[in-house]
Amino acid sequence: EFTTNVAELVEGGLKTSRGSAQIFPLISQKKKSKKGDKYRNSGFLHVNYCILELQPTFLDYISNGTELSFTVAIDFTASNGNPQDPRSLHYNDPTGAPNQYITAIKAVGEIIQDYDSDKMFPALGFGARIPPDGKVSHEFFLNLTGDPYCSGVDGILAAYHQSLHNVQLYGPTNFAPVINHVAKFARAYQQDPSNYFVLLIITDGVITDLDATKNAVIHASGLPLSIIIVGVGSEDFSAMDELDSDDSLLTNNGRTAQRDIVQFVEMQKFISGSGSHYVTWNKDLLAREVLFEIPEQLVGYMKAKKFKPIGKRPARPTQTNSQLPYNPSAQSPPPGYAPSVPGAPPPYS
C-alpha cells in the first residue's frame, strides 16, 4: 500500500506532463513488521499521468449563469368537470380556496421561479374550445393574448382564471403539441448551457395521444428539457408510469430515448379533504417530489454535452409560435370571448 493526497498528485502531475513519472513505493506492513529495517518495499507504483477534473453540481451551473426556463401547460378538457360545480377540479371557489390546479402551480412555481432571473413564464392551455370561433386547441396561450409570458406565479394564476372564464372545456387530452412547442425552443440551446427548460403539465386524465406523446418525449430526450407531469383528481394514471421511465429508457416504434426526462407525480397522494375546495396539502413534500429529479437530469445533460458552468447570463429565448392561435405576429390580438351571462363561465359540455 501507499498513501498520498490530492495536492501531492496534482503537483506531481505537473512533473509528469514534462515526462517524469511520479513514483510511490509500495509497502507491505506485514513484511515490514517482520523484517524491520531490512525491509525496503514490495515494488513501486509509477503514475505517468494525473489530472484533477472537477465535477460541477446543479448549484454550480445555476450559480454560474444557467437558468431554468419554466413553462406550464394546463388541461382544460371536459373531464375536469364544470368549473361552477364544487366537485370540479377547476372549481372556482368564491371563498378563494385553491383547487388542485392552483395548488400544483403554486407548489412548483414558487420554488422554480427563484432559478429564473426575469420570472417571466410562458403559460399554455390545451383541450378547450377557444375564442373567438370556438375551435378546439391543444396549444393556446393561457392569457388569451398574443404574448404567452406571465409575470411570476401570480401572473400564471391570473392567466389561468382568464382562460377558465373564457374557454369551453372540451377534449381530448393531447400532450404532444405542448411538448413539441417547448422542445422547439429548447432545440435552439443544444449547444448553449445558458438555459435549461422545464415543462410542467397539469392534467386530470388518461392521455389520448399516448403514441404521439411517447414520440415527442423520445425526440426531446436529447434536448435541455425536463418534463414534469402532475396528475390531479383520481383517474387512472398508469400510462404515466410508461413515460416516467426510471427503470428503463422509454422506447416506442423502434426508437429509444437518450435519457429519462419525465417525472410523474400524483397529486392525490399529497392532499386530504372532502371535495376539491376543502382540500389541504403538504406543499413542501409535493414540491420536493415534483422537483426531485430536475437537478440530476440537468447535470446529466450538461455532462453528456461536456458543458461547464458558463459564468454569465446571455439573453434568453422568446417563445412565439406563428402556428398558435393568438400569435404575436398578428397585427392585433383577437377579440375577447365574453360569456353569455356576465360573470359566468362559458357553456360546459
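The values are calculated or read from the model by the stated rules, or taken from the named source; none is laboratory data. Computed from a predicted structure; not experimentally measured. Because the Cβ atoms are built from the backbone with ideal geometry, glycine has one as well, and the counts that use them run over all protein chains shown. SASA here: full protein model, heavy atoms, side chains in, ligands and nucleic acids out. Shrake-Rupley method; radii C 1.70, N 1.55, O 1.52, S 1.80 Å.
Worth pointing out:
- Along principal axes, Cα extents of the stretch 90-150, largest first, whole Å: 38, 31, 16
- Dipole moment magnitude, nearest 20 debye, the stretch 156-264 about Cα centre, only Lys, Arg, Asp, Glu C-beta charged: 540 debye
- Solvent-accessible area, 1.4 Å probe, carbon plus sulfur percent, for the stretch 42-92: 58 percent
- Gyration tensor verdict on the stretch 178-229 (Cα atoms; rounded if a/c is under 1.5, prolate if a/b is larger than b/c, oblate otherwise): prolate
- When each of K214/K308; K119/K283; K106/K306; K119/K303 is checked by Cα-Cα distance, pairs over 28 Å: K214/K308; K106/K306
- Applying 1/(1 + (r/R0)^6) with R0 = 56 Å to the Cβ-Cβ distance of A21 and K269 gives a FRET efficiency near 0.45.
- Modelled FRET efficiency - R0 45 Å, N282 with D192, Cβ distances, 0.05 increments: 0.75
- Report note on the peptides 178-189, 137-148, 294-305, 220-231: ranked by the mean count of other C-beta atoms within 10 Å, highest first, their order is 220-231, 137-148, 178-189, 294-305.
- Local charge for E235 was computed over the other residues whose Cβ lies under 13 Å away, with Lys and Arg +1 and Asp and Glu -1, and equals -4.
- Label positions at K135 and L54, each projected 7 Å from the Cα along the C-beta direction, are separated by 5.2 nm.
- Convex hull projection area averaged over all views, the stretch 44-152, Cα basis, nm²: 12.6 nm²
- Every Cα-Cα pair of the stretch 147-207 was included, and the share exceeding 16 Å stands at 63 percent.
- Most to least packed among 107-113, 56-62 [average Cβ atoms within 10 Å]: 107-113, 56-62
- Counting Cα-Cα pairs of the stretch 122-280 in 5 Å increments starting at 0 gives whole-percent bin shares of 2, 8, 16, 19, 20, 18, 11, 5, 1, 0.
- In terms of packing, defined here as the mean over residues of other Cβ atoms within 10 angstrom, the peptides 123-131, 94-102 line up highest first as 123-131, 94-102.
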